[in-house]
1. Condition first: open to solvent by 60 Å² or more (accessible area, probe 1.4 Å) and either away from chain B (no Cβ under 12 Å) or within 28 Å of A:ASN110 (Cβ to Cβ) (or both). Now tell me which residues in region A:2-18 satisfy that.
2. Of the residues B:SER207, B:SER185, only one is assigned to a loop (DSSP other than H, G, I, E, B), without any contact (Cβ under 8 Å) to a residue 40 or more places away in the chain and of a type outside the set (A, V, I, L, M, F, W, C); which?
3. So A:GLY153 ticks every box in (1) open to solvent by less than 10 Å² (accessible area, probe 1.4 Å); (2) out of contact with any Cys (no Cβ under 9 Å at 6 or more places or on another chain); (3) in a helix (DSSP H, G or I); (4) over 19 Å from A:LYS218 (Cβ atoms) but one. Which box is left unticked?
4. Looking at A:THR243, A:THR236, can you tell me which residue is surrounded by fewer than 14 Cβ atoms within 10 Å (Cβ to Cβ) and under 30 Å from A:PRO87 (Cβ atoms)?
5. For region A:198-219: of the residues being touching a Ser or Thr at 6+ places or on another chain (Cβ under 8 Å) and open to solvent by 20 Å² or more (accessible area, probe 1.4 Å), which is farthest from A:GLY106 (Cα to Cα)?
6. Can you name every residue in region A:156-196 that is surrounded by fewer than 16 Cβ atoms within 10 Å (Cβ to Cβ) and not aliphatic (A, V, I, L, M)?
7. Would you check which residues across region A:19-37 are outside any loop (DSSP other than H, G, I, E, B), more than 14 Å from every other protein chain (Cβ to nearest Cβ) and open to solvent by 10 Å² or more (accessible area, probe 1.4 Å) and list them?
8. Please state which one of A:GLY235, A:GLY157, A:GLY150 is within 14 Å of chain B (Cβ to nearest Cβ), closer than 24 Å to A:PRO60 by Cβ and either in contact (Cβ under 8 Å) with a residue 40 or more places away in the chain or of a type in the set (Val, Ile, Thr) (or both).
Number of protein chains: 2
Amino acid sequence: MKEVKVINSCDGKLISLSHDSACNNCEMALNIYLPKQYYSNETHSTIPAIYYLSGLTCTPANASEKAFWQCQADLYGFSVVFPDTSPRGESVPDSKDEYDFGQGAGFYLNSTKEPYVKNYQMSDYIHKELPKELENYFQDCRLDFTKNVGITGHSMGGMGALAGFFKLYPHYKSVSAFSPIANPSAEDCPWGQKCFSRYLKDFKSESLEYDPCELIGKVKPKGDNDVKKILISVGTKDPFYSTQLYVDRILEYSKGTAWENKIEINKLQGFDHSYFFVVLKSPACQIPCH
Amino acid sequence: MKEVKVINSCDGKLISLSHDSACNNCEMALNIYLPKQYYSNETHSTIPAIYYLSGLTCTPANASEKAFWQCQADLYGFSVVFPDTSPRGESVPDSKDEYDFGQGAGFYLNSTKEPYVKNYQMSDYIHKELPKELENYFQDCRLDFTKNVGITGHSMGGMGALAGFFKLYPHYKSVSAFSPIANPSAEDCPWGQKCFSRYLKDFKSESLEYDPCELIGKVKPKGDNDVKKILISVGTKDPFYSTQLYVDRILEYSKGTAWENKIEINKLQGFDHSYFFVVLKSPACQIPCH
């Protein structure tokens, strides 16, 4: 892993990194924000990480520049990891005419269908390889990327965060999502139908592994579970609300499961699918006082 | 003027507009943020405007998405106008290989040299045409775009804000600047040398009209002047600090003038020239409490 750039942001630093991913067989870029607590000599507690999974077309830059997790990170003392949304590079299979498939659209799954298998292993990359690479790179016991960690994301990344939370339960200590694609394996979700069927050999069974609605009933909160609430926010004027996201289905699927009373869906009047929604208005992202 | 898009942002709305500019002989785009006070039935006071002039390469989108004036606007009850940085379009002379000349780089001046005269009248556009067009479009006595107005900007836009403030004094009731090009007519300012000499017929005399350092001694604050402070912020790791901006010269040029004690330069340790500097850290742009 190598440092590409360090930028002052809020009271900490935003670091652009790059590394050769063994999972994805290509160079992967990411940003990480280290909060002011990391640079202060006063506090000696361990700094937990939140992984922020971005949506379709995004690189690590979008959320770093527009989502303002930095000020939250400074208030509460966590780092934020902004991974890329897919493998990248000339040798990586792509579909340049499609914004929602190929590079920029990895859907946080492990591909099982050619020609994508070699590079599109985003699930393993996000949940396994990247955290270890970060710990190896920083070699700093004050930074925790593998144990006391949370996950969140937007749209395709909200789906990836929820699915990852359930798949790896109880690995992530917190989870939330902005405008997630909640039920990608459903027949009426065009993004899931189109992309899962091209990345996965057996759409019917494999797609369930990455579908938050399908996963929620398969995982039981443990007695020592400390996830009190799964916060989900969505704008009422999100153009994908009732054509791709189907956020409310998470509540339906949670009925009768141990997660039933743990899910809170916040609907924000008039907001759309853009970063103007992610920033500031969601209960999961309120800018604190200075 | 026509409405292109309305987006919820913070507690107000960001409106994308477009109009035929008589000054610039082309269609001009802009964004405007109307704060929550405009949409509330409770307050009936007039809403003043701040014009935010962006830097090289920017469109109205950059600052709208990355500078977060919106939350300031909601706190204090002003609108924010985000104009474009130059005329645009296929018929507008451009220089596609240069990021710092032509489209995206209007330098907020009135060109007097061909082939730029017909389109590059950004000074008149910003300070005269646009405010009137906004008043005509909204036809709302609660929105004030021409009288109780302030101006600010970043880099090339910081220069444009300071120069406009002095040129039109006492029109603007407040002025501030982020990382401004403070002395563009100086021999050691490559941006000014290159661009002013190509836009202006008589570089030697005309360039002084758009140079904040040169203008500051020519304008006397009036007795009823209410500009208490001109706030200027710059990052100490700004790569253009000592090759293009020369922010400290404003203090030198102000010596012996009536503005001498009215200028406050804030140097922010470690910050660069990006929007990570504009957001949050500048005393002119502190995010308020919710």
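The values are calculated or read from the model by the stated rules, or taken from the named source; none is laboratory data. Just so it is clear, the model here is predicted, and its values are computed rather than measured. Please note: Cβ atoms are built from the backbone with ideal geometry, for glycine as well, and neighbour counts cover all protein chains shown. Surface areas here come from the heavy atoms of the whole protein model, side chains and all, with no ligands, DNA or RNA. Shrake-Rupley method; radii C 1.70, N 1.55, O 1.52, S 1.80 Å.
1. Of everything in region A:2-18, those that are open to solvent by 60 Å² or more (accessible area, probe 1.4 Å) and either away from chain B (no Cβ under 12 Å) or within 28 Å of A:ASN110 (Cβ to Cβ) (or both) turn out to be A:LYS2, A:GLU3, A:VAL4.
2. Numbers: B:SER207 fails: assigned to a loop (DSSP other than H, G, I, E, B).
Only one candidate passes the filter, namely B:SER185.
3. Checking A:GLY153 against (1) open to solvent by less than 10 Å² (accessible area, probe 1.4 Å); (2) out of contact with any Cys (no Cβ under 9 Å at 6 or more places or on another chain); (3) in a helix (DSSP H, G or I); (4) over 19 Å from A:LYS218 (Cβ atoms), the one that fails is (3).
4. Numbers: A:THR236 fails: under 30 Å from A:PRO87 (Cβ atoms).
Within the list A:THR243, A:THR236, the selection yields A:THR243.
5. A:GLY217
6. Just the residues of region A:156-196 that are surrounded by fewer than 16 Cβ atoms within 10 Å (Cβ to Cβ), to begin with: A:168, A:170-171, A:187-188, A:190, A:194.
Within region A:156-196, A:PRO170, A:HIS171, A:GLU187, A:ASP188, A:PRO190, A:LYS194 qualify.
7. A:ASP20, A:CYS26, A:GLU27, A:ALA29, A:GLN37
8. Numbers: A:GLY157 fails: within 14 Å of chain B (Cβ to nearest Cβ); A:GLY150 fails: within 14 Å of chain B (Cβ to nearest Cβ).
Unique residue meeting the criteria: A:GLY235.
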